[in-house]
Protein chains: 2
Amino acid sequence: MLQLKDLPTPDVLAKFAIRYPDADVTAVSSVLQLLRVATDLSIALDACLSKHGLLQGRWWVLILLMREENKTSQPSILAEKAGVTRATMTGLLDGLEQSGLIARVFAKEDRRTVLINLTDAGVEKLDSVMPDYYRRIRRCMQGLDEEKRQQLQQILALINLGIPALI
Amino acid sequence: MLQLKDLPTPDVLAKFAIRYPDADVTAVSSVLQLLRVATDLSIALDACLSKHGLLQGRWWVLILLMREENKTSQPSILAEKAGVTRATMTGLLDGLEQSGLIARVFAKEDRRTVLINLTDAGVEKLDSVMPDYYRRIRRCMQGLDEEKRQQLQQILALINLGIPALI
DNA sequence: TCATTATAGTTAGCTAGCTAACTAAGTCAA
DNA sequence: TTGACTTAGTTAGCTAGCTAACTATAATGA
């Protein structure tokens, strides 16, 4: 997402701001730091998942299924919730089916649709990964009290409001 | 980075917290929101760059070169600063060279190394993209005053401290 | 009722990352 | 001074995303 390691120093930003007067130095450095920390967080979480033989895409599919009352959903719905295309979801489900974590069942009422079912093995996988995952997130956020967490959420909501203006 | 669109509601998190007592609900939701906003931000910036025929990887190479006094560097140094492998940098430089934005020049003192030079066309490209890019970031962050920006940076620094505990 | 349109899922081929293995060139120590 | 190691860059082959095009089925409306 933001691979860049060598974030601009205030010095470098100031130089660029001379050449490009539109630059808002604190805005740029805030955005870059946000992307930097989020990327590192994401990489660290991926590393955690990969210890359990998973990757983010497949992982979220399992969680989305776990949220359902009957542990069942459809590829197109999963794709939308997971934020990937249906084509990508087909690939993710292929992998999960091969590992036995989900099962494809053909629906009777609409023969176009496939029902995706979280298998017992899938539940077991989640039960082994989730505690580890949650424990790591708890540790990572230990340094922030509830007040700071709330501040963060407010600030992120503000940035989120600004994103449409960016497009 | 975080494709997931359907972030867990407090309700869903509470249910998961019953099954997995290690869950720290506010920590999880803060982390997910952080990843969500950062991902949307990153996608929006990518869209801005692609309007100018660029992608993040190549873009950062141009900026890294622009930071240098003589607009020159080496693939391995660029790779390290950009946070990609040397193999990936080879590919990025191939593309930039084809577009005429950089030039490869062989060094005399160490015949293993190649010097990468930002061409005039490269400078022109930056001069056309940077103002647009900076203007967008300014607009996106308009809703945050300096105090909030500083708060954000402090909070991000705290999270950053927690990342090693996550691995 | 049957032609059109919409929907569900898949396939094929593209991309930018990655790792691992390679060549070529420089360094260093026995 | 030569054999082992290190460094710079590239190549080949992998991955998980993507888009576009496809098949099959369902819904709709003239």
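The values are calculated or read from the model by the stated rules, or taken from the named source; none is laboratory data. Everything quoted here is computed from the prediction, not taken from an experiment. All Cβ positions, glycine included, derive from the backbone under ideal geometry; neighbour counts span all protein chains shown. Ligands, DNA and RNA are excluded from the accessible area calculation, which covers all protein heavy atoms including side chains. Shrake-Rupley method; radii C 1.70, N 1.55, O 1.52, S 1.80 Å.
Miscellaneous remarks
- From B:163, B:159, residue being facing chain A (nearest Cβ under 8 Å), touching a residue at least 12 places away in the same chain (Cβ under 8 Å) and open to solvent by less than 70 Å² (accessible area, probe 1.4 Å): B:159
- The sole residue among B:114, B:129 that is away from DNA strand D (no atom under 11 Å from the Cβ), open to solvent by less than 40 Å² (accessible area, probe 1.4 Å) and over 25 Å from residue A:40 (Cβ atoms) is B:129.
- Restricted to helices (runs of 4 or more DSSP H) entirely inside the stretch A:1-78, those with at least 1 residues that are more than 7 Å from chain B (Cβ to nearest Cβ) and under 30 Å from residue B:128 (Cα atoms) are A:10-19, A:25-51.
- Residues of the stretch A:132-167 that are among the small types (Gly, Ala, Ser) and more than 20 Å from residue A:41 (Cα to Cα): A:162, A:165.
- Scanning the stretch A:132-151 for residues that are closer than 30 Å to residue A:54 by Cβ, over 18 Å from the mean Cα position of the chain (by Cα) and open to solvent by less than 60 Å² (accessible area, probe 1.4 Å) gives A:143, A:144, A:149.
- Scan of the stretch B:112-156 for residues that are among the basic types (Lys, Arg) and either facing another protein chain (nearest Cβ under 8 Å) or touching a residue at least 40 places away in the same chain (Cβ under 8 Å) (or both), ordered by number: B:125, B:135, B:136, B:138, B:139, B:148, B:149
Here's the yes/no breakdown for (1) over 30 Å from residue A:143 (Cα atoms); (2) part of a helix (DSSP H, G or I):
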{"site": "B:91", "(1), (2)": "yes, yes"}
{"site": "B:116", "(1), (2)": "yes, no"}
{"site": "B:121", "(1), (2)": "yes, yes"}
{"site": "B:133", "(1), (2)": "yes, yes"}
{"site": "B:154", "(1), (2)": "no, yes"}
{"site": "B:161", "(1), (2)": "no, yes"}
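- When each of B:9, B:26, B:39 is tested for being among the polar types (S, T, N, Q) and open to solvent by less than 20 Å² (accessible area, probe 1.4 Å), the lone residue that passes is B:39.
- Yes/no for residue A:104 being within 16 Å of DNA strand C (Cβ to nearest atom), at pLDDT below 95 and more than 16 Å from residue B:25 (Cβ to Cβ): no
- Some residue of the stretch B:63-81 being of a type in the set (A, V, I, L, M, F, W, C), within 12 Å of DNA strand C (Cβ to nearest atom) and open to solvent by 20 Å² or more (accessible area, probe 1.4 Å): no
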